[in-house]
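J.: Mind looking over this structure? Questions follow.
The values are calculated or read from the model by the stated rules, or taken from the named source; none is laboratory data. Please read these numbers as outputs of a predicted model, since none were measured by experiment. Neighbour counts run over all protein chains shown; Cβ positions are idealised from the backbone, glycine included. Accessible surface areas use protein heavy atoms only, side chains included; no ligands, DNA or RNA. Shrake-Rupley method; radii C 1.70, N 1.55, O 1.52, S 1.80 Å.
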Amino acid sequence: MIAAFATLPEMSRGRLFPEEGSAHRSGFQRDRDRIIHSSAFRRLKHKTQVFVEHEGDYYRTRLTHSIEVAQVARTLAHTLGLNEELAEAVALAHDLGHPPFGHTGEDALQLVMEPYGGFDHNAQAIKIVTRLEAHYAEFDGLNLTWETLEGIAKHNGPVVGDVPFALAEYAGRHDLELGTHASAEAQVAAISDDIAYNNHDLADGLRAALFTLDDLRALPMIGPCVAAVDARWPGLAPGRREHEALRRFFGLLVEDVLATSRARLAEAAPANAEAVRHLGYPVIRFSDATFAELKVIRGFLYHRMYRHWTVQRMRRKARLVVRELFELFTQAPELMPRDWNDCASLDVAGRARVVADYIAGMTDRFALQEHRKLTDPMVKG
């Protein structure tokens, strides 16, 4: 069942570099497969979600997070009659531009890149899939469809005002209509991101013993889930108790988005996918009540997890690593590998952008290793 406002692959605006179609896969399926097989996607395995990669084997990484987001996106898209493959492709690609150490690394790169156009992970994802992935004979990047690129660029809403440099650079060649909302499928990918991290940040915080399940009993949404589990299975083992409570919380978020989005779509009655872009507001979202309750949960996580002293200590180390790597490489580009160090002839801004691209592509582990090699005289390298 495909809704009238679903994005149809046969109606795609195509690729920047025309290619022959596939007899077995739609354009969006090919996009998804190219993303999965990209080097940037594999590197997400060792990139921070909240906890740095070496801190534990069970915490979410950017890779496991992206897989969870894609799973939610497929469920929502299927239930709403949207194109599952497009929603999945955008979900899998949405974090490709994240540097090492998660949002801490992004903040550090933004600070050092502020004089040179700034740094933004969504814009960096566009740069990766349109330029930095260099595997194909006839073009740079992955040559994704317009719809997938649009979804990566603006799944969080229209991009207005000061457009990040990397995104503005590409948009000058290929108009992604940054001032409008994205497709319903891209909006699904965005809300799936929210559902995934609201759930798994609680799970990771529990695993790290930064708080207990009983600490969550006073919170909206998740508190009643804990109470329901305790009422049904008194004395349940801690791990099972946590899992049962969180899966109920997860289900509440999914059901809320489905109910709210169905109502908004029915009211707006967009005639086609293009009409969704020009409504002037998102159609895929949480209800106002759930959004308000999630703000309370995020406030709890901010104080009990994101600002916890152990997390803050690692954040400080991460900022130091990114800043010092940037300073070292901009002052001495020859310290970078051969494929990167030819930027010495560029002006200051051009050199800084190349260095930022190099650092942004690093995994947590590689960034820490490079920093140690370059700063510790006792380490060979």
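J.: If you take the alpha carbon radius of gyration of the range 216-303 and divide it by 2.2 N^0.38 Å, what ratio comes out, to two decimals?
T.: Values: Rg = 17.0 Å, N = 88, 2.2 N^0.38 = 12.1 Å.
The value comes to 1.41.
J.: At q = 0.17 Å⁻¹, what is the base-10 log of I(q)/I(0) for the range 315-355 according to the Debye formula with one equal point scatterer per Cα and no solvent? Please give it to two decimals.
T.: Per q value, in the given order, log10 I(q)/I(0) is -0.43.
J.: Please give the charge dipole size of the range 1-111, origin at the Cα centre, charges +1 on K and R Cβ atoms and -1 on D and E Cβ atoms. Round to the nearest 20 debye. The partial results should precede the final answer.
T.: Values: 13 positive and 15 negative charges, 36 e Å.
It works out to roughly 180 debye.
J.: Per 20 Å bin, what percent of the C-alpha pairs of the chain does each bin hold, from zero upward?
T.: 27, 56, 17, 0
J.: State in Å² the accessible area per residue of the range 1-143; use a 1.4 Å probe, count heavy atoms of protein chains only, and round to the nearest integer. Walk me through the intermediate numbers first.
T.: Working: 6260 Å² over 143 residues.
Per-residue accessible area for the range 1-143 comes out at 44 Å².
J.: Just subtract the alpha-carbon distance of Arg264 and Glu114 from 0.36 nm times their residue separation and send over the number in nm, one decimal. Write out the running numbers ahead of the final one.
T.: Numbers: separation 150, 0.36 × 150 = 54.00 nm, distance 3.87 nm.
Using 0.36 nm per residue and subtracting the Cα-Cα distance, I get 50.1 nm.
J.: With a 1.4 Å probe and all protein chains kept in place, how much accessible area does Arg30 have, in Å² rounded to the nearest 10?
T.: Accessible area of Arg30: about 30 Å².
J.: From a point 7 Å beyond the Cα of His135 in the direction of its Cβ, which residues of the range 83-114 have a backbone N at a distance under 15 Å?
T.: What the label zone holds, given the 15 Å backbone N cut-off, is 93, 96.
J.: Given Cα pairs under 8 Å that are at least 6 residues apart, what percent is the relative contact order of the chain?
T.: Answer for the chain is 20 percent.
J.: Turning to a different aspect of this structure: Quick one: compute the contact order of the range 73-145, relative version, from alpha carbon pairs under 8 angstrom and 6+ residues apart, as a percent. Mind dumping the intermediate values first?
T.: Details: 74 pairs, mean separation 15.3, N = 73.
So the answer I get is 21 percent.
J.: Which distance in Å, rounded to a whole number, links the C-alpha centroids of the range 208-228 and the range 177-197?
T.: 28
J.: Going by average Cβ neighbours within 10 Å, how do the peptides 225-237, 242-254 rank, with the highest at the top? Numbers along the way, then the final one.
T.: Working: 225-237: 13.4, 242-254: 18.5.
Ranking the peptides 225-237, 242-254 by packing returns 242-254, 225-237.
J.: If you bin every alpha carbon distance in the range 244-381 into 10 Å steps from zero, what whole percent lands in each bin?
T.: 10, 23, 17, 20, 23, 8, 0
J.: Using a 1.4 angstrom probe on the protein heavy atoms only, could you order Phe329, Phe17 from most to least accessible area? Please report the intermediate quantities before stating the final value.
T.: Details: Phe329 0, Phe17 80 Å².
Largest to smallest exposure gives the sequence Phe17, Phe329.
J.: Expressed as cubic angstrom per residue, what is the convex hull volume of the alpha carbon set of the range 2-97?
T.: Numbers: hull volume 11.3 nm³, N = 96.
Measuring per residue, one finds 118 Å³ for the Cα hull of the range 2-97.
J.: So, with a 1.4 angstrom probe, what is the percent of accessible area on the range 43-129 that is carbon and sulfur?
T.: Numbers: 1360 of 2770 Å².
Taking all protein chains in place, the range 43-129 shows 49 percent carbon and sulfur surface.
J.: For Trp340, Trp146, Trp309, what's the largest-to-smallest order of accessible area, 1.4 Å probe?
T.: Working: Trp340 70, Trp146 10, Trp309 155 Å².
Of Trp340, Trp146, Trp309, the descending order of accessible area is Trp309, Trp340, Trp146.
J.: Let's test the formula: R0 of 51 Å, r as the Cβ-Cβ distance of Asp215 and His278. What FRET efficiency results, to the nearest 0.05? Could the numbers behind the result be given before it?
T.: On the way: r = 45 Å, r/R0 = 0.88.
Result of the calculation: an efficiency of 0.70.
J.: Here's another thing I want to ask about it. Highest mean first, what order results for 177-188, 290-301 on Cβ atoms within 10 Å? Please report the intermediate quantities before stating the final value.
T.: Details: 177-188: 24.9, 290-301: 15.9.
So the peptides 177-188, 290-301, ranked by packing, come out 177-188, 290-301.
J.: Describe numerically, in nm with one decimal, the distance between label points set 7 Å from Cα along Cα→Cβ at Asp342 and at His24.
T.: Here the answer is 3.6 nm between the modelled labels.
J.: Next up: Using the heavy atoms of the protein chains and a 1.4 angstrom probe, tell me the accessible area per residue for the range 254-381 in square angstrom.
T.: On the way: 7270 Å² over 128 residues.
Ligands and nucleic acids excluded, the figure is 57 Å² per residue.
J.: Roll a 1.4 angstrom probe over the protein heavy atoms and tell me the percent of accessible area of the range 165-204 that is carbon or sulfur.
T.: Working: 480 of 1010 Å².
In the range 165-204, the share of accessible area belonging to carbon and sulfur is 47 percent.
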